[in-house]
Structure formats: C-alpha cells, structure tokens
Amino acid sequence: MSAFAGFGIFLVVLLGLFVLRTPVGVALGMVAVAGVAAFVSPGALSQLASLSFSISSSFIIVVVPLFIFMGEILAATRIGGDLFRATELWMRRIPGALAVGTIWACAIFGSVCGSSPVTATTIGSMAIPQMLKRGYDKSLALGATAAGGTLGILIPPSIPMIVYGVITDTSIGHLFIAGIFPGILLATLLSATAVFTAVRRPEMAPPITERPTWPQRWKALGAIIPVLCLSFMVIGAIYTGLATPTEAGAIGAAGALLIAWVTSQLSRAIIMRSLDRTIRTTAMFLLLLTGGFFSSFMLSRLGIPQATSDALLSLPVPPWAIMVIINLVLLVLGMFMDPGSIIVIVIPIFLKAVQNLGYDPVWFGIIVTIQSEIAAITPPVGFNLFVLKSVTPGANMRIIARGSIIFVVPMLVCIAILTAFPDIVMFLPRLLLGIK
Amino acid sequence: AASPAKAQTVDFAVWYSDRDMYAPIMKAWAAEVEKRTQGRVKINLQFSGALVAAKDTLNAVRSGAVGGGTTSASFVIGLVRELAYVEPLFWIPDKPEIANKIVKEVDAITSPLLEKHGIKNLFSYPSAGLVVACVNAPIKTLADWKGKKIRTAGRWQGLQLRALGASAVAIDPGELYIALQNKTVDCTMFLSNLALSGKIYEVAPYITYLREGANSSLYYMNLDLWKKISPEDQKTVMEVSADVVKNSGPHVVAEQERALGEMEKLGAKVYRASDADIAAIKKQLAPVWDEIAKAVGPTGDPVREVLKQNM
Amino acid sequence: MEGPSHGWLTGLERVVARINRVSAFIACILVLAIMTLIVIDVVVRYFAAAPLEWVQDSSCFMLVFVFFLALAPALESGSHIEIDLFDPLIPASLRKAQRLLGKAITITFAAILLWFVIKYYRDIYETDELSFGMIFVSLWKIYWIGIFGAFMFLVTALVQFLRFFLTPYDPHAEEAPVASH
Ligand code: NA
Ligand code: NA
C-alpha cells in the first residue's frame, strides 16, 4: 500500500466518522485505534492511555486553559462592545465602515484572545445587530465578522500556534511575535476587501449618516485602553523576560480578571461561567490532541510522513511550487477538517519536506495559522460559521458561507505575500529576539 | 536448535535530529547490525521524536508500541530508581575510556533491573561534556555560581545547583532560547554540541566548558521483541553495540572541541574549566550524593560504588 | 418527553449529571489555582530571584485533573465538537440510526480508553513509577483521576445513547453544536 493511498484511506474513514457525528477528538482517536490494532499491534493501543496522561501533564499545555480563561473573562465584559464602538466611531467615513470597524475590533480583541470563534462571537454579538440595524447586507455583516474573528489566532496569543509549537518543537514565543506583522497585514487586506465590496455594491453597506461629537469619540477610544494595556502586558511579559510564553498565559488571565474588577464588571457568576466554559473547552481540546497525537503516531509507524516528504521533494519543480502544492492540500483539507485536526495530523507530515526546502519552521507556522483561519470560514466544516449561526437569529449557513467566502481571497493573497517576502514574518522575531 | 529466525524490524525512536553529532554513530550502528545479521535484524531509526516524544519513549517501548528507543537516564529514573545516580552533573569524566568503563559497569547492574520491566538495554552512551552558558558574565569560580538562576533538567541536577548556591529553573527546551534572551534565567546547563546547534551561544555567549558530563543515554528495546531474535543474532547485536560505544568516544570528544571552537569563532567567550575548578565544584557537591543515596535506598549502593571508584 | 417506563434512566441521568457538576466545579477551582500559583511563581522569581521549583510540576498534575474531571461534563454539554453539516445528505429515515451509530462509536472509544487507562494505572502502581521533574511523586497517587474520568466519560456516553435511543426522533428538534476553540 502506498503512503498516499494509506493517508487517503485514513482521511476517508475520518470523514465517515464525522458524518456519523462522532465528536472530532473521538473520531481521531478511533481511526488511530483501528489503524494501530490492524497495522501495528494491539499492544500498541496502550499508547492511547500513555498519551492522554503525557499530553495533559505537559507544562506548555497548561497555557491552554489560561489563555482560554483570559478570553472568556473578557468576552463576558463590555469590552467587545466598547471596541466595536470605538472602531465604528473612528472609521465611519470609510466605505463599509461598520464592516471595517468590525475587522479592526476583532484584531484588537484578538490581541488578548487566542481563539477565533470566541473573537468572532464576542465582537459579532455587538457588531452584527448594529450592522443589520443600519441596513448592511446580512451576508457581508456575517462574513466580515467570521473572517475578522480569525485574526484572533494570527495575532498573539494564539491557541493554534501553541499546538503548532508543541507538535513541531518550535518556540511559541517566536511564533507569537512572528504573528504580529502578518496579523496587521491580514487585517488590512480584509478591510480592503470590505471597502472594495462596499464601493462596488453600495447597497450592501449604506454609509453612516450620523456625526459623533469629538467627546464621544475620545470617550470611546478611552474605553479600549485597558485591552491595549493587557495586550502589551502579555506580549511584554514574554519580551522583557518577566515570564515564558506559558507563564504569560497566567499573567494574562490574572490581568483580565483585574480589568474586569477595576471596571466593576466582575462577579462571581461571571468568573464561574467563564471557568466552566474554560474547562469544557480545555477537555475538548486535550481530547482532540490525544486523538490527534495518536493518529499521528499511527501514521508515523506506517512511514507516511517520510514517504510524503520524499515524494514531494522528488517532484521536478522549484521549492515555491511545492509550497503551492502544500497550500492547496491544506486549503482542501481545511474545507472538511477543523483547524485543530489539521495541525495535529497534517503538519507533521509536511514539516519535514518544508524544512528540507529551507523554509523556517516559524514562517511555516504562520502560513499554517492562516490556513487554519481559512479552514474556519470555508464550508462545509467551518467553526466560525457554526458559532455565528448559533448567535444570529435567522441566519442560515448559505448566507454566512456566501459572505465569508470572499474573504478567503485576501487570506490567500496574504499567504502569497508572505511566501514572496518571508521577511515580513521573520523581521520582528529577528529584531526583538535577535535570532539570525 | 534455534528455530529459523524471522526478520525483525525495530522501529527505533530517537529524540535528537539526524543532524546531531550522535546521528552518524547511530546510523553506522543500525547499518552494522543489519549487515552482520544479514538483514535478520533491521533497525529503523526515526529521528527528531517523529515517533514518540522523549518523555513517552520508555513507556512506548515497554508496551511494544515502539520497538526500541533512546532517552537520557532522567526519563528512566521513575521506573528504575537505581539510575538516579546517573542523572547528576559531574560524574562522566572527559576521558572516553574511563567514561565507557563506568557506563559499562553501571549497565551490568541496571540492565537486569530494566529487564524486569520489559526493557532490554542494548547499550548506554556516556554524554558529552557539559557547558554552563550564561547571558551576562562567565562562571569561573565557585562564587560565580551563587545567586544565579540556572535552567537545568531533573531533580538531582537541581539539588546540585542549590548546593552551589544557584537556583534551578525548569524551562521547556523550546522556550530556552527566549528565556535566556530575556534573562528569565541567567544561565543554562547544556551539552556543548547542542549549545552550538541550538544557537544558545547567540544569547548566552559566556560559555564555561565543564568538561565532565551527566545523564548518560540509554538505548533499549522491547524485551518481547528482543526475545524473537535468535540467540546468535542477539549476540551479534550486543557485540556491534559494544563496539559502537568503544569506537566513537574519540568522535564525540572531537565533535565537542569542534563545537566549542565554532562557537568561539562565532563570538562566544569560551572558558575551559581547570582541574582545580572542577575539583572545587565536586567537593561542594559531595553532600548531594548522600541525598540521592537516601532517596534511592540500599539497592542503589552498587551503582554508587562504581561511580565512587572511578570519579 | 420521556415515558414513565424510563424512570430508571431519568434517575441514572440525574446521578450522572450531579457527579459531572461536582467534577466540573473542582476542575474550575483547579484552573484558578494554576493561574494563581504561576503568577506567584513569576512574581517571586522576578523580585526575589527565588523560583518556586514545585510550581511547574504541580500545575501539570492539576491539568491532568482538569482534563479528566472535565472530559465527561464536556460530553454532557456537547462541548466536544461534532460536525452536523453532513446531516442533510442523510435521508431523514436513517438519521436516527446515523446518530446512534456515532454515539455507539463514542461509547466504544470511551470503553477502550478506560480499559487502557486501567492497564496503564495498574502498571504504574505495580512498578511504583515516579514522576520526573523537580518533585518526585509516585504517579499512582495522581493518575487515579484518569480511571475516574474515563469511567464517567463512558457512563455519560452510555446515558446519552440510551436517552437518544428511547426518545422518538424529531429531525427538526436539534440545535447546531457550538464550537469554541
Ligand atoms: Na490572539
Ligand atoms: Na472549513
């Protein structure tokens, strides 16, 4: 059986389990259980238990609940609304102002939240009703929010980057800092897309007619200062050496509690609700990692990563063409798989080839993160689409998907730019961290 | 009479990369095993932790999930307490012949203990010499250790650092570079070759070569899988393994010197600890060995005896 | 919804829900504890240059507890992501079977996980394996939570299966699952 056939069968079975609505982590685990029992040895199944303990007892993974908690606390406060209010007031003259404002509100919230659906829902719950009230087209309103939300994982902190770092042994601190410029670039490209849409079809995004006073504008701006402080605190803690990225998670969570408390938005109910969501998401996440690592173990035992790497490197094409192929594969897989599974399953398979081609793993981590963002907004399986559907009354998947699919274009453009100019990714890590 | 031997493929988990200085030794070992058993034993090396992470290797090999693998002694102490003596700093002399002799004698004691847990120990490899790489200033005298925050791996190394007046910080290897860069810690204990490949000298340019090593590496196989190999082939594997350890000592010493020289060329300030420096440190560390003895219990005494006689 | 004849299931559900609620609460407190300990460690290390060597290890052990304690509650609340987008491709008449099969696979996985966790636990108990890191602890003193967590995961999956089996299927009654990561 060839490596590609093996990998193909693996994906088909996985998809079959998804169709049966088996939870994703369980599906990954079950495919691996079947594969290991059939092709390795039944005794090797003990690896499943061993992994479930070793993953959950890893200090880097401790950061996951901490960053989730930080995002949940902030999502429970008015901060999301304040952010949208500020960007809306300051950007109102731009065509498609509310969509652009949503994207930048997501970018700023993304600097304190490591999850893309949480960013999308936090900003969206405020922004979407506002946009609809002012006559925005439903698909543009939802699409801009879904796409903007994905900035939550490109701008640090970022849970998928943590997973990438753990799997590929890449420094999470480097990945975080490397994500800053591409994050700003992508926010700009997404905004340009929204502006372009609004200019071409003004009926989709009517201009804002009311004129805010200057005191209103300054007040709105003042309300976002705490978030910016927290964001600087987290990245600053890493950069100044106060803490490792892992520990910055704890500082960030404590800072979020502090902000909520100082602005009198903290209650025991909010803490408990945020914690409750945190632990459930954490358990989901760790099960996903356990299943994913086990699948990855099975594929390695069958020699699939090595064979894939050999096959890719033997192609008679230049390195950038191989990167195009890898990106196309990720794009297609991203339609059907969730970002978590892609990173755990697919990245180990490609990483070897990418490194042999001379690309930096940090750079590839950023490319993979953008591919995860695309995966989050492409149908049929796109988590930002799911969450927006569940928070927007009367929205159906077709409308959301139609609105978000145009934002795939700027994301692909972003990947192309970063491939042509890798320095955009590597500049900040080099400058701040002095790597050569 | 031995049953007709079936060819065995051993998927072998290696945590370091195939560019590491040990990699050529391992590749030669695998090739030699395959050649001398006429293909009946095939070692399939998987570098860079592609199969399992270092900390999962021992369990994976025990359960048979993976055929064989290597880890430093730190990861085995949990199962075989007696190996606790093998983790601490300053017990592997910088003379390969003596280092190999100690490691072999320790193996003779610990291999049967590993076998009780389903692990066939093929050979142990004395680690290369240590460096302590610092951000701001070199560590030369005993007093220089005082008050430093030093990254290290494992409990016993931590206790040793405390005995030197420093404090031990556990940092994930992936974050070590940034931690040094940002002075989260002042120094790190490291192997000279890894300090080069991990570019540690860029952020911690004050490098003190401590010459002696710590934490030897064990190379082992699943016992059931081992038993499927015919006695003659088992003998061949052990012979090849013994040779690889014996012959590659000079290679490791040369590689270390090369790494130090390379780092010097790249701007690192390398200080080579003198015999007197090392003797002073060892004297300071003496009480820690008693603490280990207390934790391990009398079954570890033979191991301690081996170290005592050779250190 | 449920017929009176399934009172035993209702009772079982109530017990399972109560245990899951307590588990989730303990996990919540542990997350708070992890955060607090790490913040203290960072502050102490920075200002007093005296790192607390046990904080990393104990945070890791607490995370093991968080994972296994929250595993079943997450299944109960539908927090384990599942993908419902293919449902329209399945004829309505087969959808109950589809869902039951999916749930049966979850039960199978939970049973396999429990089995191997027990095996693993027996092994670390018999060998008295120690943790590695800055503190030494016999792993069996901590990892028992794995058996509890995997068991509750299995029981919760079973209860969900039975409830779904016994309830008449209404294809319009279902909500899309909410993913959040
Ligand atoms: Na973020
Ligand atoms: Na998708």
Next item on the list: Could you state the angle between the C-alpha long axis of helix A:97-110 and the longest principal axis of the C-alpha atoms of chain A, as a value from 0 to 90 degrees rounded to the nearest 10?
Entry: 50
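Excluding residue B:175 itself, calculate the net charge of residues whose Cβ lies under 12 Å from the Cβ of residue B:175, where each Lys or Arg counts +1 and each Asp or Glu counts -1. Write out the running numbers ahead of the final one.
Values: positive: B:151; negative: A:169, A:247, B:172.
That works out to -2.
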Item checked: Length gained when the stretch residue B:227-residue B:294 is fully extended (0.36 nm per residue, less Cα-Cα span) -> 20.6 nm
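Among bridges DSSP assigns within chain B, what percent are antiparallel (round to 5)?
Numbers: 21 of 38 bridges.
Within chain B, antiparallel bridges account for around 55 percent of the total.
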Checklist line | Degrees between helix A:159-168 axis and first principal axis of chain A (Cα, 0 to 90, nearest 10) | finding: 20
Notebook entry, point to check: For chain B, what are the DSSP H helices with axial Cα length of 18 Å or more and mean Kyte-Doolittle hydropathy of at least 1.0?
Noted result: none
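From other protein chains only, count the Cβ atoms within 10 Å of every residue's Cβ in C:108-119, then give the mean. Don't skip to the answer; put the middle values down first.
Numbers: counts 4, 13, 2, 0, 7, 10, 1, 4, 10, 6, 1, 5.
The shielding value for this peptide is 5.
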Checklist line | Using θ = phi - 60° and Karplus 6.51 cos²θ - 1.76 cosθ + 1.60, couplings along the stretch A:309-319 (whole Hz; Gly, Pro as x) | finding: 4, 4, 4, 5, 6, 7, 5, x, 9, x, x
Check: Taking R0 as 22 Å, what's the FRET efficiency between residue A:261 and residue A:240 from their Cβ-Cβ distance, rounded to 0.05?
Finding: 0.35
Check: So who's got an amide H within less than 5 Å of the one on residue B:191, skipping anything under 5 residues away but keeping other chains? H placed 1.01 Å off N, in plane.
Finding: B:131
Checklist line | Inter-label distance for residue B:97 and residue B:271, nm, one decimal - labels placed 7 Å from Cα along Cα-to-Cβ | finding: 3.2
Item checked: FRET E, pair residue A:2, residue C:15, Förster distance 45 Å, beta-carbon r, rounded to 0.05 -> 0.30
Check: Helix A:46-56 sits at what angle to the longest principal axis of chain A, using alpha carbons and giving 0 to 90 degrees rounded to 10?
Finding: 30
Next item on the list: Taking just the C-alpha trace of the stretch B:205-274, give me its Rg and Dmax in Å.
Entry: 18.5, 53
Checklist line | Long-range HN-HN contacts of residue B:10 with modeled amide H, under 5 Å | finding: B:42, B:43, B:44
Next item on the list: Express in whole angstrom the spacing between the alpha-carbon centres of the stretch A:332-401 and the stretch A:251-285.
Entry: 27
Notebook entry, point to check: Ratio of the stretch A:29-112's C-alpha Rg to 2.2 N^0.38 Å, to two decimals?
Noted result: 1.89
Next item on the list: Treating only the Cβ atoms of Lys and Arg (+1) and Asp and Glu (-1) as charged, compute the dipole magnitude of chain A about its Cα centre; round to the nearest 20 debye.
Entry: 1100
Next item on the list: Show that you can apply the helix-only estimate: for chain B, add -39,500 (n - 2.57) for every DSSP H stretch of four or more residues, divide by all residues, and state [θ] at 222 nm to the nearest 500.
Entry: -14500 deg cm²/dmol
Check: Among A:68-78, B:197-207, what's the highest-first ranking by average C-beta atoms within 10 angstrom per residue?
Finding: A:68-78, B:197-207
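Give me the inter-chain shielding for A:349-356: mean count of other chain Cβ atoms within 10 Å, whole number please. Let's see the in-between values first.
Working: counts 0, 0, 2, 3, 0, 0, 2, 0.
Counting Cβ atoms of other protein chains within 10 Å of each residue's Cβ and averaging gives 1.
Roughly how crowded by other chains is peptide A:39-45, in terms of the mean Cβ count from those chains within 10 Å of each of its Cβ atoms? It would help to have the intermediate numbers written out before the result.
On the way: counts 0, 4, 6, 1, 6, 5, 8.
Going residue by residue through A:39-45 and averaging, the value is 4.
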Check: Along the Cα-to-C-beta direction of residue B:197, a point sits 7 Å from the Cα; which residues of the stretch A:283-321 have their amide N less than 20 Å from that point?
Finding: A:306
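Let me check I've understood the local charge: for residue A:287, count other residues with C-beta under 13 angstrom from its C-beta, Lys and Arg +1, Asp and Glu -1. What total comes out?
On the way: positive: A:280; negative: A:338, C:82.
Net local charge, residue A:287 excluded: -1.
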Item checked: Per-peptide average of other Cβ atoms within 10 Å, ordering C:123-133, A:109-119, B:166-176 highest first -> A:109-119, B:166-176, C:123-133
Check: What are the residues whose amide H is under 5 Å from the amide H of residue B:122, where those residues sit 5 or more places off or on another chain and H is modelled from the backbone?
Finding: B:219, B:220, B:221
Check: Does anything in the stretch A:4-48 have its amide N under 16 Å from the 7 Å Cα→Cβ label point of residue C:118, and if so which residues?
Finding: A:46
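Could you size up the charge dipole of chain C around its Cα centre, putting +1 on the beta carbon of Lys and Arg and -1 on that of Asp and Glu, and report it in debye to the nearest 20? If you can, show how the numbers build up before the last one.
On the way: 12 positive and 16 negative charges, 69 e Å.
Rounded to the nearest 20 debye, it is 340 debye.
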Next item on the list: Could you check the simple spin-label distance between residue A:430 and residue C:125, using points 7 Å along Cα→Cβ, in nm with one decimal?
Entry: 5.7
Notebook entry, point to check: For residue B:115 and residue C:94, what is the calculated FRET efficiency with R₀ set at 60 Å and r taken between the beta-carbons, to the nearest 0.05?
Noted result: 0.65
Margin query: On a 20 Å Cα-Cα criterion, which of the cross-link pairs B:148/B:308; B:120/B:228; B:148/B:265; B:104/B:308; B:140/B:283 come out too long?
Written below: B:148/B:308; B:148/B:265
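Could you work out the helix-only [θ] at 222 nm for chain A, with each DSSP H run of four or more residues adding -39,500 (n - 2.57) and the total divided by the number of residues, to the nearest 500 deg cm²/dmol? Mind dumping the intermediate values first?
On the way: 24 runs with 326 residues, N = 436.
My calculation for chain A gives -24000 deg cm²/dmol from helical runs alone.
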Checklist line | Convex hull of chain A built on C-alpha atoms - directionally averaged projected area, nm² | finding: 21.2
Next item on the list: Determine which aspartates and glutamates satisfy two conditions relative to residue B:42: a Cα distance under 12 Å, and not lying fewer than 8 residues away in the same chain.
Entry: B:11, B:32, B:34, B:233
Note to self: Among the complete DSSP H segments of chain C, which ones combine at least 15 Å of alpha-carbon extent along their axis with a mean Kyte-Doolittle hydropathy of 0.5 or more?
What the structure shows: C:7-48, C:55-76, C:140-166
Notebook entry, point to check: When the Cα centres of the stretch A:34-110 and the stretch C:51-93 are compared, how far apart do they sit, in Å?
Noted result: 14
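When a/c is below 1.5 the answer is rounded, else prolate if a/b is larger than b/c, else oblate, so apply that to the stretch C:47-133 with a ≥ b ≥ c taken from the square roots of the Cα gyration tensor eigenvalues. If you can, show how the numbers build up before the last one.
On the way: a/c = 5.00, a/b = 2.01, b/c = 2.49.
Oblate.
All of the numbers you see were taken from the coordinates with simple rules; none came from a lab. This structure is a prediction, so every number in the text was calculated from the model and none was measured. Neighbour counts run over all protein chains shown; Cβ positions are idealised from the backbone, glycine included.
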